1. Going by what's in this entry, would A105 be described as within 22 Å of the chain's Cα centre (by Cα) and of a type in the set (A, V, I, L, M)?
2. Mind listing just one residue for me: the one in segment 236-261 that is over 16 Å from the mean Cα position of the chain (by Cα) and hydroxyl-bearing (S, T, Y) and, of those, surrounded by the fewest Cβ atoms within 10 Å (Cβ to Cβ)?
3. Inside segment 63-120, can you point out the residues that are among the β-branched types (V, I, T), more than 21 Å from V13 (Cα to Cα), touching a residue at least 40 places away in the same chain (Cβ under 8 Å) and open to solvent by 20 Å² or more (accessible area, probe 1.4 Å)?
4. If I go through segment 202-226 residue by residue, how many of them are charged (D, E, K, R) and under 20 Å from I258 (Cβ atoms)?
5. Sort out which residues of segment 182-203 are free of Cβ contacts under 8 Å to residues at least 40 places away in the same chain, buried (at least 16 other Cβ atoms within 10 Å of the Cβ) and part of a helix (DSSP H, G or I), and write them in order of number.
6. Considering each residue of segment 116-163, count those that are of a type outside the set (A, V, I, L, M, F, W, C) and more than 23 Å from T217 (Cβ to Cβ), and give that number.
7. Could you list, in sequence order, all residues of segment 2-56 that are of a type in the set (V, I, T) and open to solvent by 60 Å² or more (accessible area, probe 1.4 Å)?
8. V49 - would you say it is in a strand (DSSP E or B) and touching a Ser or Thr at 6+ places or on another chain (Cβ under 7 Å)?
Amino acid sequence: MQAIDVIGAIEKVAPRPLQEDYDNTGIQVGDRSSTLTGVLVCLDITEEVIDEAIQKGCNMVVSHHPLLFRGLKRICGDSLVEKCVIKAIKNDIVLYSSHTNLDNAFGGVNHKIASILGLEGLEWIVPGSTVEGVESGSGLIGSLPSPKPAGEFLSEVKKAFEVDCISYCGPLDKTVTKVALCGGSGSFLIDDAIAKGADCFLTGEISYHHYFGYEDTVIAALGHYQSEQYTKDVLKDIIQNACPGIKVEVTSINTNPICYL
């Protein structure tokens, strides 16, 4: 089994053309023809994650967030990104990322979140196109199996995503039937979600000013890392289903750089 086999499996589910213009999905470091000893999946690539891959005998790391967003003019170990690139090259480790293409793909990141929340009758908030046979769109909206007060729903979200707090605005006594969601930074979809009748919009992070002007809708953020943490399971399932002979490990490292008191 080679790295290109894993890449092909992922891009069959989430074709690269589905990525946003600003993104840098795809192979980051390494040789596509490398024979694999194992794959480690993660949300973010850090030195600790690469060390874990080495320790677990994995010579490929598949992440959701790309290590390389901007071009490097030098690689001399002055930054976290440079250090990761050097360590990966020295240890013959392939680095690959599937980011907004996996967000936008049918069955990707947002569908995983929706399944955890138990939403039914899913629709795209903003439908996209079909690329290489894969349906796409931005965000999802669906219905809860039974309506419930917003406060109760957000408490269930906290438990399901194992978070200590959720930032929100809006009435907690509002009855929630339709829930819209977007993993990561989804503020750009709030107005579209409300236009589709969302009682609650849930995402990873929301800027301060986006909390204004939506008094009748519950707007909530549970943290960028927290909202996308189960993407690791999505990637693992894709690889294992298509490449049953390869060892796939999920990182044990919490790469969330944000600390809470």
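The values are calculated or read from the model by the stated rules, or taken from the named source; none is laboratory data. The model shown is predicted, which means the values in this text are computed figures rather than measured ones. Note: ideal-geometry Cβ built from the backbone for every residue, glycine included; neighbour counts use all protein chains shown. All accessible areas refer to the heavy atoms of the entire protein, side chains included, with ligands and DNA or RNA removed. Shrake-Rupley method; radii C 1.70, N 1.55, O 1.52, S 1.80 Å.
1. yes
2. Looking at the filtered set, the residue picked out is Y260.
3. I89
4. Residues meeting the conditions: 1.
5. Correct list: S187, I190, I194.
6. Of the residues in that region, 8 qualify.
7. Within segment 2-56, I4, T35, T37, I54 qualify.
8. no
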